[in-house]
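The values are calculated or read from the model by the stated rules, or taken from the named source; none is laboratory data. The model shown is predicted, which means the values in this text are computed figures rather than measured ones. No Cβ is skipped: glycine too gets one built from the backbone with ideal geometry, and neighbour counts run over all protein chains shown.
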């Protein structure tokens, strides 16, 4: 099994704690509300929302995928960090064992924040992921982040 890692940073004018709450803590209800074409709903299969919780995320009609299982690996509300893994689902396309995401929301001096995201794709032996697929993943993450940011500004 191989691993492909990429990092990205997305700046925001939203305060760090507010962005973390929306992006991490309230995402299961917020994203289906503001982006139903992306995510239809989220159900908890195991756990109480803390570390170890396994969720089944049903994608919206605008997605090429049906669903994905996601496990919370680490959650530190005080330090605004979250780590979770995609452990099953058609989004893995039969070539990826799992994907781990490490998210940190960093406050900036101007009162906003930067979302630091490290994605680690654990591929099956002999599998390569194209730059185009990685770019698509980054674009999807950025689109979702910016939609949450716009919602927070509009509903401040």
Single residue of 99, 103 found to be touching a strand residue (DSSP E or B) at 6+ places or on another chain (Cβ under 7 Å), part of a strand (DSSP E or B), in contact (Cβ under 8 Å) with a residue 12 or more places away in the chain and under 23 Å from residue 37 (Cα atoms) = 99
Go through (1) farther than 20 Å from residue 145 by Cβ; (2) outside any strand (DSSP E or B) one by one and return the number of the condition residue 91 breaks.
-> (1)
Can you find a residue in segment 145-154 that is under 14 Å from the mean Cα position of the chain (by Cα), surrounded by fewer than 13 Cβ atoms within 10 Å (Cβ to Cβ) and modelled with pLDDT under 95?
-> no
Any residue in segment 69-78 that is assigned to a loop (DSSP other than H, G, I, E, B), surrounded by 18 or more Cβ atoms within 10 Å (Cβ to Cβ) and within 15 Å of the chain's Cα centre (by Cα)?
-> no
With respect to residue 112, determine if the residue is surrounded by fewer than 18 Cβ atoms within 10 Å (Cβ to Cβ), touching a residue at least 40 places away in the same chain (Cβ under 8 Å) and in contact with a helix residue (DSSP H, G or I) (Cβ under 9 Å, 6 or more places away or on another chain).
-> yes
